[in-house]
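One structure is given below, encoded as structure tokens.
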Amino acid sequence: MKKKTKSYAHIDWSLKLKTKQKANTREIDLDVLSRDGKLTELTGRESMGDVRGGCCPPMDLFRSEPMQLVQLIIPMESAHFTVSYLGDLGLLQFKDLNSEKSPFQRTYAAQIKKCGEMARKLRFFKEQMLKAGFSPSTKSVAQNDIDVDDLEVKLGELEVELIEMNANGEKLQRSYNELVEYKLVLQKAGEFFASAQHSATAQQREMESRQMGGESIETPLLQDQEASTDLSKQVKLGFITGLVPREKSMAFERILFRATRGNVFLKQVPVEEPITDPVSGEKMEKNVFWVFYSGERAKNKILKICEAFGANRYPFAEDLGKQALMIIEVSGRISELKTTLDAGLLHRDNLLQTIGDQFEQWNLKVKKEKSIYHTLNMLSLDVTKKCLVAEGWSPVFATKQIQEALQRAAFDSNSQVGAIFQVLHTRESPPTYFRTNKFTSAFQEIVDAYGVAKYQEANPGVYTIVTFPFLFAVMFGDWGHGICLLLATLFFIVREKKLSSQKLGDITEMTFGGRYVILMMSLFSIYTGLVYNEFFSVPFELFGYSAYACRDLSCRDASTVGLIKVGDTYPFGVDPAWHGTRSELPFLNSLKMKMSILLGVAQMNLGIILNYFNATFFGISLNIWFQFIPQMIFLNSLFGYLSLLIIVKWCTGSQADLYHIMIYMFLSPTDELGENQLFPGQKTVQLVLLLLALVSVPWMLLPKPFLLKKQHENSCSLRVVSCVL
Amino acid sequence: MYGFESMTFNIHGGYLEAIVRGHRAGLLTAADYNNLCQCETLDDIKMHLSATEYGPYLQNEPSPLHTTTIVEKCTLKLVDEYKYMLCQATEPLSTFLEYITYGHMIDNVVLIVTGTLHERDVHELLEKCHPLGMFDSIATLAVAQNMRELYRLVLVDTPLAPYFSECITSEDLDDMNIEIMRNTLYKAYLEDFYKFCQKLGGATAEIMSDLLAFEADRRAVNITINSIGTELTRDDRRKLYSNFGLLYPYGHEELAVCEDIDQVRAVMEKYPPYQSIFSKLSYGESQMLDKAFYEEEVKRLCLAFEQQFHYGVFFAYMRLREQEIRNLMWISECVAQNQKSRVHDSVVFIF
């Protein structure tokens, strides 16, 4: 009953719209569609009948889901809920009805901007958390739904708080780092000055002692002079101390030298551990330097150069006593600052922790919100501006679910009127949609990587489920390795529930996504491994004893004359006796190569047969007569024939050279086959096959384009005629 | 060696050519510009750009945007791309790529020197420098008092050193000197680049010599127009022209004696490729000349992409991106200052 009243409401409401006439024409279209739809469904069933072969579940995967173009008319007030629920459902693909509008001209541009802003704040938090060494907690806090507006306000507040805290912290950190650098300079330069003074006094004392000891002849005259001038005309040398980044120290020295024409004395001492630069806040390796210069101009130049190189300068007292005092003072201030900084950091960490607890939830919410508005932007606004019109593709089976979602949305948003759901008729080709499950989805993805089937085209994904892992196993073929693979993939499958909710690394994610593919591959590898009789490349006598044995006990002539057959043929797979023999490689190569040819030809045939299914399904006889049949003939007259020869050779044990047969089938088809003859009348058969192959090439390539061209011209002229009429 | 590039070019240059062509596909189209011109605020511009390749560079900018931020971020993208290509490049492509940045280096040197002359703060000046033209000791330029010092202190370490040989004087730096220095350096740079491209040979030489000749001719015209009415002598003017290009040598002789814009026009109209540029302008007008030249340049740069297996695409791409950033700056400025009617004055559509 409830449903009925609802639908009445729909009708009442739709009458209010001024698009009555439009609606009428659409209804007519609808009729046509339902008829068409039935028709295609019927043909689909028929063609599928022979494929399905009485299997119980319908082959959903073979043909993509039947789709319909639907139109939704959603009242403004429930639009957000509707899109949200439809998004949860995931069975409707919206069409962009505003493609000619630029992003900022659309209806919900402001909201998207808001969401973008929130996302930016969240990214900022994440960055801050990463810097502080937190990871957003993966456990989802079960909290009732947060309102977007509240969230926006909250994020804004948090951002302001965090920025303020950072600014305060940065200031403190900066002065702390400066002090640390200062302390380093004091220590390093202090050491230098102490040692310099020591050596200077030593020198002086030596000199004095020499002077005291009387003026001997050996005393150089110059030195004396020098010493005396030094004392009388003492030049006041200035100096600058500071720190310079190590990678720039060489350039720094060079420029200093050039700028002052070598009239400086520069001394650098590397600091062992990297220290934090106060300006940039990054850890870097630095050198403590001190420059002695003379004159004011040189000082100005040096100061400018220091600035250019980002070298931080610190004042330094010459007096040793003052130095000691400075060091004590600086250390005291460092420890003071350290406690303040720690308190600030703790506070900040607490804040980040609280953010981290809810970060994932917020992130999800914002992302969802943004995508909802993006979707809403694809809807067109009705003339009355009271409702939004959406168009989209949905699979036919989802009609009911979509309608339910619409009803739920209307109910939850307390909307007076529900949304209208109607199916439109269109000539457009619908999108392809396969309903996959966790097993088939990985295989379907592999097929999609090569190309997505057109709407309702036969899907090779069905066959891929078997052929892909099997062909892998043909190459892999080792049951020891297969078991390893099986164990690994079983681990993933057993812990499926837990792992699927978790974030995995790139490679693990890929492996996890393909776990069922790997499962199939491992099972097939075990099988082919048994056929090849290889367990980590070692053969086992699993299915009985080897059929071959040495001629005598000493086994001397095993590698020259060979073995003799003693028992029955080895029941399954390759006889273990082949392992390690001289002829192992030629034997296995020939076996595997021939098997591969058979599998390959079978695979190609399957592909062409799928083409046939498509042609019958869509009713294109052109494709059958001018594509499928010549392709079949061409393939099978050459490679099919080769496969036949291989089987005949296996059965009869003939010594014929198949290469020779195939090559001379083309080069000299009329020649006698001689010892390469496998069956009587082979020459005639080959001639016929060759002729067929030759004929099928032009048959395959020539008529189809011309016929298509003719068809196109016909339809064009028809259209012109109808236009004229 | 013409024609053999297709055999060997891809060994070293194939990957990067693919990369640069991919980047070119990301250039804004006329449709993008039309949409951008309709923007009401800078936020709208950001929103539109977020759908383009600039998206990741702008997404973390808080909302009250400035034109400078937009330009800065867009330039950052170009620099990142350039650095990536330079990292991947082998000789001689890496040298070629480095050559592209020398122009910016000259501009930066001139910017810093002029700035310090007018007693601006060095750090403020450094922020204004183009990031592609940065070198280690650029900040030390402020120390220099005259050109000899400038050269001896700083530039001797940079690739610009050889270009300085012509303009080392002991004169103190002033605005006029600096401008002459810029043009002398540019002349030497263009000639060197031209020579380098000739040495590379093949399609690179052919295409690059066309592009560089255009560049040289444009500079010659600009120098002429800018020096009309200044104290620059004819001989000095003549010396600033690059010694190649379509105008070399007879056009240069004539340009050197020009006294007003119409005479320049008369000279240029003798050269068929430049006829079309000047035919768009009315007599006595020089304002729109820049735009006309830019348009012509963009057209030529786009044509460079029509041929394969040469280095010209790298040059062309960098230039086109720079033009695009100029366009974005103009549009943003117009939007920010509410002068949307003037948007089309200076925007050069690339496609």
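From the convex hull of the Cα coordinates of the protein assembly as shown, what is the mean projected area in square nanometres?
74.7
How large a share of the accessible area of region A:571-637, in percent, is made up of carbon and sulfur atoms when the probe is 1.4 Å and the other protein chains stay in place?
70
Give me the Kirkwood hydrodynamic radius of chain B in Å, from all C-alpha pairs, to one decimal place?
Kirkwood radius, chain B: 21.7 Å.
With every protein chain kept in place and ligands, DNA and RNA left out, what is the accessible area per residue of the protein assembly as shown? Probe 1.4 Å, answer in Å².
Per-residue accessible area for the protein assembly as shown comes out at 55 Å².
Can you pull out the GluC sites (Glu not before Pro) in region A:247-312 whose DSSP state is coil and whose Cβ has at most 16 other Cβ atoms within 10 Å?
Those that pass, being in a loop and sparsely packed, are A:Glu272, A:Glu282, A:Glu285.
If you bin every alpha carbon distance in region B:79-165 into 5 Å steps from zero, what whole percent lands in each bin?
It works out to 3, 14, 24, 22, 17, 11, 7, 2, 0, in whole percents.
Not counting ligands, DNA or RNA, and with a 1.4 Å probe, what is A:Ser590's accessible surface area in Å² rounded to the nearest 10?
40
At 1.4 Å probe size, with no ligands or nucleic acids counted, give the accessible surface of B:Tyr186 in Å², nearest ten.
Answer for B:Tyr186: close to 20 Å² accessible.
Rounded, prolate or oblate for region B:261-351? Axes are the square roots of the Cα gyration tensor eigenvalues, ordered a ≥ b ≥ c, and the cut-off for rounded is a/c under 1.5.
Taking the square roots of the gyration eigenvalues as a ≥ b ≥ c, region B:261-351 is oblate.
Relative to the longest principal axis of the C-alpha atoms of chain A, give the angle of the C-alpha long axis of helix A:399-412, reported between 0 and 90° and rounded to the nearest 10°.
Approximately 40 degrees, to the nearest 10.
Once amide H atoms are placed 1.01 Å from N in the peptide plane, what residues at a sequence separation of 5 or more from A:Glu534, or on another chain, have their amide H within under 5 Å of its amide H?
A:Trp479
Ordered by residue, what ³J(HN,Hα) values in Hz, to whole numbers, does region A:63-69 give under the Karplus form 6.51 cos²θ - 1.76 cosθ + 1.60, where θ = phi - 60° and Gly and Pro are x?
Residue by residue, region A:63-69 yields 10, 5, 4, x, 10, 9, 8 Hz.
With r defined as the distance between the Cβ atoms of A:Ser371 and A:Leu487 and R0 fixed at 35 Å, what FRET efficiency is calculated, to the nearest 0.05?
Working from the Cβ atoms, E equals 0.30.
If r is the Cβ-Cβ distance from A:Gln353 to A:Glu445 and R0 is 56 Å, what FRET efficiency results, to the nearest 0.05?
Efficiency for this residue pair is about 0.90.
Relative contact order, percent, of region A:586-725 when contacts are C-alpha pairs under 8 Å separated by at least 6 residues?
This gives 26 percent for region A:586-725.
Mind listing which GluC sites (Glu not before Pro) in region B:86-173 are in a DSSP loop and have 16 or fewer other Cβ atoms within 10 Å?
Qualifying residues, ordered by number: B:Glu119, B:Glu171.
Ballpark to the nearest 100 Å², how much total accessible area do B and A bury together, probe 1.4 Å?
The buried area between B and A, both sides summed, comes to about 2100 Å².
Can you work out ³J(HN,Hα) from phi for every residue in region A:497-502, in order, using Karplus 6.51 cos²θ - 1.76 cosθ + 1.60 and θ = phi - 60°, giving whole Hz and x for Gly and Pro?
For region A:497-502, the Karplus-derived couplings read 4, 5, 6, 5, 8, 9 Hz, x marking Gly and Pro.
At 1.4 Å probe size, put A:Met700, B:Met134 in order of accessible surface, largest to smallest.
Per-residue accessible area, sorted high to low, gives B:Met134, A:Met700.
How far is helix A:109-132 tilted, in degrees, relative to the longest principal axis of the Cα atoms in chain A, given as a value from 0 to 90 rounded to the nearest 10?
Relative to chain A, helix A:109-132 is tipped by roughly 60 degrees.
Carbon-plus-sulfur fraction of the accessible area of region B:115-256, 1.4 Å probe, in percent?
Accessible surface attributable to carbon and sulfur in region B:115-256 totals 46 percent.
Given the DSSP H assignment, sum -39500 (n - 2.57) over each helix run of at least 4 residues in chain B and divide by its residue total; what's the result at 222 nm in deg cm²/dmol, nearest 500?
Result for chain B, helices only: -20500 deg cm²/dmol.
Not counting ligands, DNA or RNA, and with a 1.4 Å probe, what is A:His481's accessible surface area in Å² rounded to the nearest 10?
Here the accessible area works out near 80 Å².
Subtracting the Cα-Cα distance from 0.36 nm times the residue separation, let me have the gained length for A:Lys101 to A:Ile275 in nm, one decimal.
Stretched out fully, the A:Lys101 to A:Ile275 stretch lengthens by 57.3 nm.
Taking DSSP loops as anything outside H, G, I, E and B, show the longest stretch in chain B free of trypsin sites (Lys or Arg not before Pro) there with at most 15 other beta carbons within 10 Å.
B:121-269
Rounded if a/c is under 1.5, else prolate if a/b beats b/c, else oblate: with a ≥ b ≥ c from the C-alpha gyration tensor eigenvalues square-rooted, which is region A:516-575?
It comes out prolate by the Cα gyration axes.
I'm checking a number: the convex hull volume of the Cα atoms of region A:400-453, normalised per residue, in Å³. What is it?
127
How large are Rg and Dmax for region B:133-290 when only the alpha carbon atoms are used, in Å?
Final numbers for Rg and Dmax: 17.2, 48 Å.
Using all Cα-Cα distances in region A:426-578, what percent lands in each 5 angstrom bin from 0 up to the longest?
The distribution over region A:426-578 is 2, 9, 13, 13, 13, 12, 10, 8, 6, 5, 4, 3, 2, 1, 0, 0, 0, given as percents.
Within a 10 angstrom radius of each residue's Cβ in B:140-148, how many Cβ atoms of other chains show up on average? Whole number is fine.
4
Please report the carbon-and-sulfur percent of the accessible area for region A:423-467; probe 1.4 Å, protein heavy atoms only, DNA, RNA and ligands left out.
53
Give me P(r) over region A:586-725, computed from all C-alpha to C-alpha distances, binned every 5 Å, as integer percentages.
2, 8, 14, 16, 15, 12, 10, 7, 5, 3, 3, 2, 2, 1, 0
Working from Cα positions, state the angle (0 to 90°, nearest 10) between the long axis of helix A:461-476 and the longest principal axis of chain A.
70
Check each of the GluC sites (Glu not before Pro) in region B:204-269 and keep only those in coil by DSSP with at most 15 other C-beta atoms within 10 angstrom; list them in order.
B:Glu231, B:Glu259, B:Glu269
When the dipole is taken about the Cα centre of the protein assembly as shown, and only Lys, Arg (+1) and Asp, Glu (-1) are charged at their Cβ, what size is it in debye, to the nearest 20?
3680
What number, rounded to the nearest 500 deg cm²/dmol, is the helix-based mean residue ellipticity at 222 nm of chain A, given -39500 (n - 2.57) per DSSP H run of at least four residues and division by all its residues?
-21000 deg cm²/dmol
Take the alpha carbon atoms of region B:87-139, find their center, do the same for region A:665-722, and report the distance between the two centers in whole angstrom.
Each part reduced to its Cα centre gives a spacing of 69 Å.
Could you give the dipole magnitude of chain B about its Cα centre, charging the beta-carbon of Lys and Arg +1 and that of Asp and Glu -1, in debye to the nearest 20?
660
Roughly speaking, what % of Cα-Cα pairs in region A:317-360 are separated by over 17 Å, rounded to a whole number?
56
Given a Förster radius of 22 Å and the C-beta distance between A:Lys267 and A:Lys171 as r, what FRET efficiency does 1/(1 + (r/R0)^6) yield to the nearest 0.05?
Computed FRET efficiency for A:Lys267 and A:Lys171 comes out at 0.10.
The values are calculated or read from the model by the stated rules, or taken from the named source; none is laboratory data. Please read these numbers as outputs of a predicted model, since none were measured by experiment. Note that we place each Cβ from the backbone using ideal geometry, even for glycine, and neighbour counts take in every protein chain shown. In case anyone asks, the SASA skips ligands and DNA or RNA and just uses the protein heavy atoms, side chains included. Shrake-Rupley method; radii C 1.70, N 1.55, O 1.52, S 1.80 Å.
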